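Following: one structure in structure tokens, then a few remarks.
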Amino acid sequence: QVQLVESGGGLVQPGGSLRLSCAASRSIFSFWYMRWYRQAPGKERDLVAALTSSGMTTYIDSVKGRFAISRDSAKNTVYLQMNSLKPEDTAVYYCNVEDRQQDYWGQGTQVTVSS
């Protein structure tokens with residue numbers, strides 16, 4: 001089993017930045033994929049960014065150039081740096097990791113972009 005604890009969400013004005021953190025209960029070297037999803041009210045949960053164990057990253061088009069997914073293996077933590085935030089980025093953000101057996105989810109952290 002893996003426990004994931006997210007933090008870093010909050011209220012920010014348009015154009016602002018936030019950094020989300022996802023702390024894992026075991027070494028992130030064991031994960032094949034590390035991902036961030038988001039779910040806005042009344043909408044499906046969508047993949048935002050992904051990071052493979054080899055370091056490859058992918059992003060949805062709407063966040064390219066603004067968001068960055070990264071990891072700190074020493075801290076067993078995955079990050080999502082979010083810059084130039086827009087109101088349409090408002091959602092609950094979820095961390096997801098996958099090992100060879102299954103995937104695991106965090107509890108989610110609310111991000112609200114509003115003036």
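The values are calculated or read from the model by the stated rules, or taken from the named source; none is laboratory data. Just so it is clear, the model here is predicted, and its values are computed rather than measured. Note that we place each Cβ from the backbone using ideal geometry, even for glycine, and neighbour counts take in every protein chain shown. In case anyone asks, the SASA skips ligands and DNA or RNA and just uses the protein heavy atoms, side chains included. Shrake-Rupley method; radii C 1.70, N 1.55, O 1.52, S 1.80 Å.
Can you pull out the GluC sites (Glu not before Pro) in the stretch 4-111 that DSSP calls coil and that have at most 11 other Cβ atoms within 10 Å?
Taking the stretch 4-111 and a limit of 11 other Cβ atoms within 10 Å, the loop GluC sites (Glu not before Pro) found are Glu44.
Which one, Gln101, Pro14, Thr90, projects farthest toward the positive side of the charge dipole computed for the chain from Cβ point charges (K/R +1, D/E -1)?
Pro14
What nm value, rounded to one decimal, do you get for the distance between Ser30 and Lys86 when each label is placed 7 Å out toward the C-beta?
3.9 nm
Give a residue-ordered list of calculated ³J(HN,Hα) values for the stretch 3-19 (Karplus: 6.51 cos²θ - 1.76 cosθ + 1.60, θ = phi - 60°; whole Hz; x for Gly, Pro).
With the stated coefficients, the stretch 3-19 comes to 9, 10, 10, 8, 7, x, x, x, 9, 9, 7, x, x, x, 10, 9, 10 Hz.
Just to confirm, what accessible area per residue do you get for the chain at 1.4 Å probe, in whole Å²?
Per residue, the chain has an accessible area of 54 Å².
Amide H neighbours of Gly10 under 5 Å, counting only residues 5+ apart in sequence or on other chains, H built in-plane at 1.01 Å?
Under 5 Å from the amide H of Gly10: Val111, Thr112.
Check each of the chymotrypsin sites (Phe, Trp or Tyr not before Pro) in the stretch 1-108 and keep only those in coil by DSSP with at most 12 other C-beta atoms within 10 angstrom; list them in order. List each step's numbers first, then the result.
Details: sites: Phe29, Phe31, Trp32, Tyr33, Trp36, Tyr37, Tyr59, Phe67, Tyr79, Tyr93, Tyr94, Tyr104, Trp105; in loops: Phe31, Trp32.
When the chymotrypsin sites (Phe, Trp or Tyr not before Pro) of the stretch 1-108 are filtered for loop state and at most 12 Cβ neighbours within 10 Å, Trp32 remain.
Where in the chain is the longest stretch that carries no trypsin sites (Lys or Arg not before Pro) classed as loop by DSSP and with at most 12 other Cβ atoms within 10 Å?
Counting only loop sites that pass the neighbour cut-off, the longest clear stretch is 1-42.
For the stretch 1-97, what % of the accessible area comes from carbon and sulfur atoms, probe 1.4 Å?
On the stretch 1-97, the fraction of accessible area on carbon and sulfur atoms equals 51 percent.
Per-residue HN-Hα couplings for the stretch 63-69, Karplus 6.51 cos²θ - 1.76 cosθ + 1.60 at θ = phi - 60°, whole Hz, x for Gly and Pro?
Each residue of the stretch 63-69 in turn: 10, 4, x, 10, 10, 9, 9 Hz.
Roughly how far apart, in whole Å, are the Cα centres of the stretch 6-31 and the stretch 56-73?
12 Å
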